Amino acid sequence: MPHTKGPYEKGLVDLGGGLWAWLQPDGGWGWSNAGLITDHGEAALVDTLFDEALTDEMLRAMEASCGIARAAIDTVVNTHANGDHTHGNALLEHAEIVASEASAREMEAFPPAMLAQLKAAGAAGQMGEAGRYFAEIFAPFDFAGVRHRPPTRTFSGHAALEVGDHRVQLLEVGPAHTAGDVIVHVPGAATVFTGDILFIEGTPIVWAGPISNWIAACELIEALEPTHIVPGHGPLTDLSGVREVADYLRFVTRESVARFEAGMGPEEAARDIGLGRYAGWKDAERIAVNVDTAWREWSGTRESTDTLTLFARMARLYFDAR
């Protein structure tokens, strides 16, 4: 397992130099991390959380522990489009919301109302196994109460922010986990907030791919040589955690290609792959999505598999494992 740094408990972790991490165990579906960058009374937030209640709790804790009121947060960086990193944006009504152009487009395609409808349908016994799974894994979150606030500033490639004397680099590394993943590097504090390029002690999920882009993103993080690494999910880590995620992705690629060449279909292959040392990672059923993404890359298929189909495949692995 990757080396983790410090206890993995809910709440703020002081990284030094005016930087903080907000952690949410257990790091599984929806339980994401966030970050705060402060200096000379200025502040930027890296990601919000999956619903407004969770985000409000985080902002209150930041004011109490860091002395930063939400009104003082001038900028929010959304590392990617997924709701567990964006659904609290509306609570920062005066802040500039920054994201990659690709992430902004993806946010419009999957608004909070859509997740609320899917969760309600699943709870009502609709959509079969996929609906049951969706309702179960997202049960703790209130999508119906989320107000959509999209990015107000977008970029492609890279961008920079100034937070007091901190120079902050926004580096687009997607498509990988999603269409427009961004990592946030604070060189002066030797810190990287990785968004969902890193899942620590949890299974990465490759919604967009190609997987090779994600591996390259891990290699970029290594090259930055950060002292503090805040993943999108899971405990704080070091470079060994980055390498472990990259190794998992190489494993998925290798095992998927072997079964692709043997003539298996993606769902059959996902069931056939023995996860070995990765079997104990949370949400192991995500292998179904990861194999499907590898399949698309190797077969040259451009059209993505329907999201509900992928949730149904994960559901079958999830319920079969019980």
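The values are calculated or read from the model by the stated rules, or taken from the named source; none is laboratory data. It should be emphasised that the depicted structure is a prediction, and the values quoted were computed from it without experimental measurement. Cβ placement follows ideal geometry from the backbone for every residue including glycine, while neighbour counts extend to all protein chains displayed.
Can you pull out the residues in the stretch 156-180 that are over 30 Å from Ile287 (Cβ atoms), in contact (Cβ under 8 Å) with a residue 40 or more places away in the chain and touching a strand residue (DSSP E or B) at 6+ places or on another chain (Cβ under 6 Å)?
Across the stretch 156-180, the qualifying residues are Ala159, Leu161, Val163, Gly164, Asp165, His166, Val168, Leu170.
I'm trying to understand the selection: among the residues of the stretch 36-84, which are free of Cβ contacts under 8 Å to residues at least 40 places away in the same chain and of a type in the set (Val, Ile, Thr)?
Answer for the stretch 36-84, where residues must be free of Cβ contacts under 8 Å to residues at least 40 places away in the same chain and of a type in the set (Val, Ile, Thr): Thr55, Ile68, Ile73, Val76.
Within the stretch 112-133, count every residue that is under 19 Å from Pro150 (Cα atoms) and either surrounded by fewer than 15 Cβ atoms within 10 Å (Cβ to Cβ) or among the polar types (S, T, N, Q) (or both). Talk me through it step by step, then tell me what you get.
Of the residues in the stretch 112-133, the ones under 19 Å from Pro150 (Cα atoms) are 112-116.
In the following step, the residues that additionally are either surrounded by fewer than 15 Cβ atoms within 10 Å (Cβ to Cβ) or among the polar types (S, T, N, Q) (or both) were identified as 113-114.
Residues flagged as under 19 Å from Pro150 (Cα atoms) and either surrounded by fewer than 15 Cβ atoms within 10 Å (Cβ to Cβ) or among the polar types (S, T, N, Q) (or both) within the stretch 112-133 amount to 2.
Out of the helices (runs of 4 or more DSSP H) lying entirely within the stretch 264-320, which hold 1 or more residues that are at pLDDT 95 or above and among the hydroxyl-bearing types (Ser, Thr, Tyr)?
287-299, 307-320
Identify all residues within the stretch 45-65 that are surrounded by 17 or more Cβ atoms within 10 Å (Cβ to Cβ), among the hydrophobic types (A, V, I, L, M, F, W, C) and farther than 16 Å from Thr194 by Cβ; write none if there are none.
If the condition is that a residue be surrounded by 17 or more Cβ atoms within 10 Å (Cβ to Cβ), among the hydrophobic types (A, V, I, L, M, F, W, C) and farther than 16 Å from Thr194 by Cβ, then Leu49, Phe50, Leu54, Met58, Leu59, Met62 are the ones that fit.
Output the strands (runs of 3 or more DSSP E) that fall wholly within the stretch 54-161 and possess 2 or more residues being within 18 Å of the chain's Cα centre (by Cα), or say none.
Result: 73-77, 96-100.
What single numbered condition from (1) small (Gly, Ala, Ser); (2) touching a Ser or Thr at 6+ places or on another chain (Cβ under 7 Å); (3) touching a residue at least 40 places away in the same chain (Cβ under 8 Å) fails to hold for Ala269?
(3)
Let me spell it out: the conditions are (1) among the small types (Gly, Ala, Ser); (2) in contact with a strand residue (DSSP E or B) (Cβ under 8 Å, 6 or more places away or on another chain); (3) buried (at least 24 other Cβ atoms within 10 Å of the Cβ), and Gly88 meets all of them except one. Which number is the exception?
(2)
Go through the stretch 277-310 and report how many residues are on the phi > 0 side of the Ramachandran plot and under 19 Å from the mean Cα position of the chain (by Cα).
The number of residues fulfilling the criteria is 1.
Counting only residues that are closer than 19 Å to His87 by Cβ and among the acidic types (Asp, Glu), which one in the stretch 27-53 is farthest from the chain's Cα centre (by Cα)?
Step by step, filter the stretch 27-53, then rank; the result is Glu52.
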